[in-house]
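Presented below is the structure to which this report refers.
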Amino acid sequence: MKKISILGSTGSIGKQTLDVVRQHKDKFEVVAISANSSVDLLLEQIKEFKPKYVAVYNESSYIKLKSMIPSDINIEVLCGMEGLKTISSLPEIDVLLTAIVGMIGLVPTLEAIKAGKDIALANKETLVCAGDLVMSEAKKMGVSILPVDSEHSAIFQCLNGENNKEIEKIILTASGGPFRGKTKEELVNVTKNQALKHPNWSMGRKISIDSSTLMNKGLEVIEAKWLFGVEHDKIDVVVHPQSIIHSMVQFIDSSVIAQLGCPDMRLPIQYALSYPNRIECDFERLDLAKIATLTFENPDMDTFPCLKLAYETLKMGGTYSAVLNSANEILVSEFLEEKIGFYDIPKYIEKTLEAHTSIEKPTLEQILDIDKWAREYVSGLIK
Ligand code: NAD
Ligand code: MG
């Protein structure tokens, strides 16, 4: 029985994780769940999965949930960052699944690593802002960081039994998002509703906007560097609109290994939880004859400058990727509130990067300070 704690159980990845657990009650047990404020859904999840702990980040939602839980349910209700840290490092858990959105996941993830817990990582922002720190702590503690992001799960699977030193390059596939093939002129005035319509995946709002700007792929390039120890010039992006090949690895002998499947996040979630084993499931099977055609094209980095910016921050090193991420988090939420336009996102990220003085090997405190600075700086630019 694998015992799991979930950061962000009410979101898109969190709910799909619970669906995987629902199908394999003999293999997985949910010990703790958490969310920012979705108390109604948390209560439903408490009734169904009977976790021993629940953490609610938002204080008034925490008070509300406490008052909602029936007296015959025995559960510890925790609040705020302390609550997230507690459920991430519980003695009784084996793995922390990070389905929380944004770099707020960093501190609890580090807490879990320090407590020796394996991480099933969906929360890519954590690696983007503190990849060096997270990976070296994980190495020190001997814990595994198991990717949940579909591309990284694919690469992880392609590297099974291989030697990472023999990687020639990683080929990350990208769907291209809802605006693939559009020109800059066509995109200047796009609305959040147009940006939220992803062709292949149904996801949370933040990652949906990131997919429309291709920042998601940029964050994934950075995530791949840290997960697999491969430099930026050995990570390529290819647009593959069908999202059937989830990513590939090319080796020094020219051989390319790919992982394929129907687009369903429950597969990489389940693999991160069942690894090193595979377990049966009822997910849709691939019918290649029905799909008939798989196509590929180069990404358009002029129309989607966020991808280029992400590569540049990796090239520059230090804390530039952290700044890119923090500025992007603010700008995406401003775009979702219709306060800025589509191209204000890369424009203000670039300005924030220009104003930043990078630190080569940052500590956690320095990363948190830089995050705070970047959020304030970019907010100032918008005003
Ligand atoms: P979502 O918006 O649907 O869900 C986010 C979850 O995080 C919710 O449960 C929310 O309550 C919780 N949360 C947010 N702020 C919090 C806080 N301060 N304290 C505690 N909980 C908080 O997002 P999602 O689409 O599920 O994405 C989650 C993460 O997984 C992101 O990092 C995303 O990049 C990554 N990811 C998502 C997908 C996908 O298909 N949705 C695919 C790959 C990777
Ligand atoms: Mg992905």
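The values are calculated or read from the model by the stated rules, or taken from the named source; none is laboratory data. Since the structure is predicted, the reported quantities are computational estimates derived from the model, not experimental observations. Note that we place each Cβ from the backbone using ideal geometry, even for glycine, and neighbour counts take in every protein chain shown. Just the protein is used for accessible areas: all its heavy atoms, side chains included, with ligands, DNA and RNA removed. Shrake-Rupley method; radii C 1.70, N 1.55, O 1.52, S 1.80 Å.
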Worksheet item: What whole number of Å gives the distance from the Cα centroid of the range 1-63 to the Cα centroid of the range 116-167?
Response: 23
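Across all directions of projection, what mean area in square nanometres is found for the Cα convex hull of the range 63-144?
Orientation-averaged projected area of the Cα hull: 5.8 nm².
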Worksheet item: According to a simple spin-label model (label point 7 Å from Cα along Cα-to-Cβ), what is the distance in nm between Glu92 and Asn298?
Response: 5.6
Fill in: Computed FRET value (nearest 0.05) for Met68 with Lys165, which takes r as the C-beta separation and R₀ as 51 Å
0.45
Fill in: Sorted largest first, extent of the chain alpha carbons per principal axis (Å)
58, 52, 41
Discussion item. Quick check on the chain: helices-only [θ] at 222 nm, where DSSP H runs of length 4 and up contribute -39,500 (n - 2.57) each and the sum goes over total residues. Nearest 500, please.
Written reply: -14000 deg cm²/dmol
Item to complete: Run the 1.4 Å probe and let me know the accessible area of Arg375, rounded to the nearest 10 Å².
Response: 60
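About the Cα centre of the range 263-352, what is the dipole size in debye to 20, counting +1 per Lys and Arg Cβ and -1 per Asp and Glu Cβ, all else neutral?
The dipole of the range 263-352 has a size of about 300 debye.
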Worksheet entry | Hz values of 3J(HN,Hα) by residue in the range 153-170 - Karplus curve (6.51, -1.76, 1.60), Gly and Pro given as x | 5, 4, 4, 4, 5, 5, 8, 4, x, 9, 9, 4, 5, 9, 6, 8, 7, 9
Worksheet entry | For Ala174, residues with placed amide H under 5 Å, excluding near neighbours | Val238, Val239, His240
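What are the semi-axes of the equivalent ellipsoid of the range 152-307, taken as the square roots of 5 times the eigenvalues of the Cα gyration tensor, listed largest first and rounded to whole Å?
The three semi-axes for the range 152-307 are 26, 20, 15 Å.
Of Lys66, Lys383, which has the most accessible area with a 1.4 Å probe, and how do the rest follow in descending order?
On the way: Lys66 110, Lys383 205 Å².
Sorted by accessible area, descending: Lys383, Lys66.
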Item to complete: Please provide three numbers in whole Å: the alpha-carbon extents of the range 265-319 along the principal axes, with the largest listed first.
Response: 43, 32, 13
Response to the item:
Once the dipole of the chain is set up from charges on Cβ (+1 Lys and Arg, -1 Asp and Glu), the residue from the list Asn160, Val230, Pro51 lying farthest towards its positive end is Pro51
Worksheet item: What residues have an amide H closer than 5 Å to that of Thr319, excluding those fewer than 5 places away on the same chain, when H is modeled at 1.01 Å from N in the peptide plane?
Response: Ile359
Worksheet item: Once you put a point 7 Å from the Cα of Thr363 and another 7 Å from the Cα of Met81, both along the Cβ direction, what distance in nm separates them?
Response: 1.5
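Treating the beta-carbon of each Lys and Arg as +1 and of each Asp and Glu as -1, no other charges, what is the dipole magnitude of the chain about its Cα centre, to the nearest 20 debye? Display every interim value, and only then the final one.
Values: 42 positive and 52 negative charges, 108 e Å.
In total the dipole reaches around 520 debye.
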Worksheet item: So which of Lys347/Lys372; Lys85/Lys383; Lys15/Lys351; Lys234/Lys290 end up more than 30 Å apart by C-alpha?
Response: Lys85/Lys383; Lys15/Lys351; Lys234/Lys290
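To the nearest 20 Debye, how big is the dipole of the range 2-147 about its Cα centre, given +1 on the beta carbon of each Lys and Arg and -1 on that of each Asp and Glu?
Details: 17 positive and 17 negative charges, 42 e Å.
It works out to roughly 200 debye.
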Fill in: Zero-based 5 Å bins, Cα pair distances in the range 317-382, whole percents
4, 20, 33, 21, 13, 7, 3, 0
Worksheet item: In whole angstrom, how far apart do the alpha carbon centroids of the range 220-234 and the range 321-355 sit?
Response: 22
Response to the item:
Projected onto the charge dipole of the range 152-307 (unit charges on the beta-carbon of Lys, Arg, Asp and Glu, signs +1, +1, -1, -1), the Cα from Ser211, Val249, Leu286 with the largest positive-side position is that of Ser211
Item to complete: Answer with one residue from Pro178, Val221, Tyr311: the one whose Cα lies farthest towards the positive end of the charge dipole of the chain, charges on Cβ with Lys, Arg +1 and Asp, Glu -1.
Response: Pro178
Worksheet item: With θ set to phi - 60° and the Karplus curve 6.51 cos²θ - 1.76 cosθ + 1.60, what are the ³J(HN,Hα) couplings of the range 299-310 in order, to the nearest whole Hz, using x for Gly and Pro?
Response: x, 9, 6, 6, 6, 10, x, 4, 5, 5, 4, 5
